[in-house]
Every structure is written in structure tokens, then in C-alpha cells.
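Some notes on the structure that comes next.
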Amino acid sequence: MSLTPSPPLPKLVVVSNRLPIAYREDSTGATIPRLSPGGLVAALAPALAGSGAAWVGWDGTFSGSEEPLDLEGFSLQPVSLTQAQITNHYEGLSNSTLWPLFHNVGVNPEYSEAWWADYLQVNRLFAQRVCNVVAEDGTVFVQDYQLMLVPEFVRSLRPDVAIGYFHHIPFPDATHVAGFEHAAELLEGLGACDVVGFQRQSDVDHFRACLQELNPSVEGTSLPHSAAYPISIDSAAVSTAASQPMVLAKAQEYATSWGNPEWVFLGVDRLDYTKGITQRLLAFEELLASGAVSADTAVFVQAGSPSRENVARYQQLSAEIDAIIERVNTTFPSVTGRPAIVYLRENLPRTDMLALFVVADVMVVSSLADGMNLVAKEFVAARHNDTGVLILSTHAGAAEQMPEALLVDSFVVSDITKVMQEALIMEKGETARRMKQLRADVAIHDVAEWATTILGDLSQARKA
């Protein structure tokens, strides 16, 4: 009797809070997992698909199953979590404490000892799953602030592996971070890495200053290699998708439904207080009041994906947005009855989102704090005829890579209004020049370059 040998353990393991999967019911009512498209999947697909690499994360269910899933060449390794662990680790410590802490836009972090206890526990569960999966002398690549303790826990159990971490959101200055009572533990978690990556050099500088201030004994060769690795998109895939007939037809449908206005301003965000949504809507209100445009000649389309609807600060943000939109639409009516601000408060299908990028004349990205903001890059990738103007906040990481956008301090509403006016009068030749350069830069510095660079540095920077 012959035994089938076990498959070799993966040499590369990616770790993120959520696995890139979603579930749907088939015709029989059975629940079927499918791979979710997204920037991180696209970035790491060449390294994972068909290579025997693995991805560790929560699958979004409470089934308790940790059976591996093989989807489209990906080996997915679920971590089983309870409802209480999700509430405390993700909704609590990650999104009510660390999210406002790292974005630092005036929203005070909340804190609970129970949240911290489950943050520790969940990070340990992820680390244990990683250690059970990764091959000897393998590589572990951890993603983002929900899992900042995983590197240290993995290092204590598996000193043979190389460990990398990428911080997708901003990293503020040492004085601000030090205000969190467990900041030293978070930094110790990252200190166990071989490579720690950030979106911008300023984030790198803040991280190094935090290490020196909160862990002064850690210095010299014991410091992890830290550098800026600006993340991007699969530019070619976005460009191709945006040129599909169904997308173009949807774009025309949108324009017709709005009365084919001369100007379409667009905002696309998850509904979050870091995105500067109220600031851009107030700026559009000022633009209407100035007479530069009217509700008949211009529309502002705000697409907003609902987010954390049971959290008080997000409920407050939603009420603020609703109040501004109601006031603007009442004060500045159009002849046709079409509102001056069209609010799409829903999770739009990908086709519809791409159609918005195609139909818009001016994209407004007014983040108050953003690690990168890939929406700005997607808008650019979708502009096949080199038309359209990108207004981009200097507080988004993308601003450092996209100097041909109209850059603005999004905390100053009047400045946003001014750049909106600038977009209105920009000559077509200048618009085309800027967009052509933006598209070229996004095409060159795509998500594959990001993955290749950070994984390449990780392979060279293993701890002794």
C-alpha cells in the first residue's frame, strides 16, 4: 500500500486580517467561496498563484472551520475567530483605537482593556497559524495595523523565518503615538521584523523616531530595515476594464440621468471621517454660491460605501453629510429638478464604479489623512482619452507620486473651492498634458513593482 506524500509547506505566507474571499449561494443553496478581486490580491498574485504559497487570515465567518481552501491557485488558510474576538479586536482596538491614533485628524481614540486583551489573543492565533503553515527558512509577509504583534509572536516561535510587515495607513509622529499606553508593545512587535514598509518617507521617519523614543535600547543592527514602498494598483487591468462596452454604456446612462451637465465632479470613498467628504461638499457649496457654476451646469456625485454604521462617530459623520447635501440641494435647485449633489450611499458594483471614473470631469480626493488613496490612481488609469482633472489632497500619500494633480490642503475648504475653479478654466491642452503624465506614472509604478520591490528587499534583509 502506497501513501500519498503530504504537499510541501509554503515558502511564502501572506498574513492579513481578512482573507481575500467572499461567499455566495449557488443554485442549490450551498455556500460557495470565491476569490475577491482587490489591490493586494493583484499585487501578490504572481508570487502566490501556482507557487504553493499560502495566505492566512479570517474568512469572515463564524463557522469555526480552519480547513484550507484552494482557489484560483491560492492556498487560503483560515483563522477561526469568535464574534466577541471580532468585536474587540477588529471593531474595538483596531478601528476605534488604532485607526484614529494613526490617522490623527482630531478624533480621540477610544480604549478598553478587553479590546487590548483580544487584540493580543487574536494576534497570537494568527501567529500560531502562520508558524504551523510556513516552511523552514520561509518568508512571512504581514499586512497592516490589525496585526502589529504578529511579527514578534512568530519570531519567538520560528526564528528561522524572514518576516516583513507593511503598514498601509499613516504613521504619525512619536509624541502622538507615545500617548497610547501600549505603544511600546506595538513597536516591539514590529521590531521583530526584517523589513518594515510604509507608504511615505515621513511615515518611515516617524516610525524610526518612535523606536528611538520608546525603545532607546534598540539601536544599530538590531533595528529592522524600514523604507517607503508606495503601493499602487494594477493599472493595466483597471484601464482595460474601464474601456469595456458595459462600463461605457453605464457611464452614458449616468450622464443622461443627470441631464448631461457640462461638469461632473466626483468623490468616491468609504464613509470615514479621514476622507474629508464634508470639506469637499462644503467647497462645492462655495463654488455654487460663487456663480462659477450652477446646479444646471454642474453636479457633484458623491459615492460613499457605508462603514461602521454602529459606531457613534460614523453616525455623526453620516448625519453631517446628509445635512450638507440637503442644504445645498435646497439652496441651489436645478431647472430639471436634478439635485446639485447626487449621493450614492451604497456599495456599488465594480462596473458602476469604473463608469463613474469614466464619466467624471473632476475627481476630488480630499483626504485629511491617507496612507496612499488608490482611488486617485484608479481614476487616472480609467481616463483613456487623457481628459479629466484630479484634485488631490496633500495629506494623501498619493500626492507625493502624483505632482501633476491639482494639489490642495484639504483642511482649508476655500482652497478646495479655488482648485475647483482652476479645474473649470484649465485649457484642454494643459489638462491632457497633466493626465497623460499621471497615466504614464501610474502605469510604470504599478502594484507589481510594489510587490517585487518589498519582497525583494525582504529576501535580502533576513536577520542573522
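The values are calculated or read from the model by the stated rules, or taken from the named source; none is laboratory data. Since this is a predicted model, take the numbers as computed values, not measurements. Neighbour counts run over all protein chains shown; Cβ positions are idealised from the backbone, glycine included. With ligands, DNA and RNA removed, areas are computed over all heavy atoms of the protein, side chains included. Shrake-Rupley method; radii C 1.70, N 1.55, O 1.52, S 1.80 Å.
Figure legend. Inter-residue proximity from region 450-464: first residues at pLDDT below 90, second residues outside any helix (DSSP H, G or I) and of a type outside the set (Gly, Ala, Ser), beta-carbon distance below 6 Å, spacing 6+ or different chains. Indicated pairs: Ala461/Asp194; Ala461/Val195; Ala461/His225; Arg462/Asp194; Lys463/Asp194.
Of the residues making up region 409-450, those that are crowded, with 18+ Cβ neighbours inside 10 Å and touching a Leu at 6+ places or on another chain (Cβ under 7 Å) number 7. Residue pairs whose Cβ atoms lie under 9 Å apart, separated by 6 or more positions or on different chains, with the first residue in region 318-335 and farther than 23 Å from Glu346 by Cβ and the second in a helix (DSSP H, G or I) and not β-branched (Val, Ile, Thr), are Thr331/Glu285; Thr331/Leu288; Thr331/Ala289; Phe332/Glu285; Phe332/Leu288; Phe332/Ala289.
Residue count for region 104-139, restricted to those that are open to solvent by less than 10 Å² (accessible area, probe 1.4 Å), in contact with a Phe, Trp or Tyr (Cβ under 9 Å, 6 or more places away or on another chain) and β-branched (Val, Ile, Thr): 2.
For residues in region 247-285 being buried (at least 17 other Cβ atoms within 10 Å of the Cβ) and of a type in the set (D, E, K, R), which is nearest to Tyr343 (Cα to Cα)? The selected residue is Asp269. Considered as a group, the residues in region 231-246 that are assigned to a helix (DSSP H, G or I) and touching a Leu at 6+ places or on another chain (Cβ under 9 Å) include one that is surrounded by the most Cβ atoms within 10 Å (Cβ to Cβ), and that residue is Val238.
Determine which member of the set Ile454, Ile416 is closer than 20 Å to Arg200 by Cα, in a helix (DSSP H, G or I) and among the β-branched types (Val, Ile, Thr). Show your work before the answer.
On the way: Ile416 fails: closer than 20 Å to Arg200 by Cα.
Result: Ile454 is the single residue among Ile454, Ile416 that is closer than 20 Å to Arg200 by Cα, in a helix (DSSP H, G or I) and among the β-branched types (Val, Ile, Thr).
Residue pairs whose Cβ atoms lie under 9 Å apart, separated by 6 or more positions or on different chains, with the first residue in region 69-84 and without any contact (Cβ under 8 Å) to a residue 40 or more places away in the chain and closer than 12 Å to Gly52 by Cα and the second assigned to a strand (DSSP E or B) and open to solvent by 10 Å² or more (accessible area, probe 1.4 Å), are Glu72/Arg34; Glu72/Leu35. Evaluation of Gly197 against the conditions (1) crowded, with 18+ Cβ neighbours inside 10 Å; (2) modelled with pLDDT of 95 or more; (3) not in a strand (DSSP E or B) shows that the sole unmet condition is (3). Out of Gln121, Gln77, Gln128, one residue alone is among the polar types (S, T, N, Q) and within 24 Å of the chain's Cα centre (by Cα). It is Gln77.
Is region 314-324 home to any residue that is under 26 Å from the mean Cα position of the chain (by Cα), loosely packed, with under 14 Cβ neighbours inside 10 Å, among the aliphatic types (A, V, I, L, M) and not in a strand (DSSP E or B)? Taking every residue of region 314-324 in turn, at least one turns out to be under 26 Å from the mean Cα position of the chain (by Cα), loosely packed, with under 14 Cβ neighbours inside 10 Å, among the aliphatic types (A, V, I, L, M) and not in a strand (DSSP E or B).
Condition test on Glu66, is it open to solvent by 40 Å² or more (accessible area, probe 1.4 Å) and at pLDDT below 85? Against the criterion (open to solvent by 40 Å² or more (accessible area, probe 1.4 Å) and at pLDDT below 85), Glu66 does not qualify.
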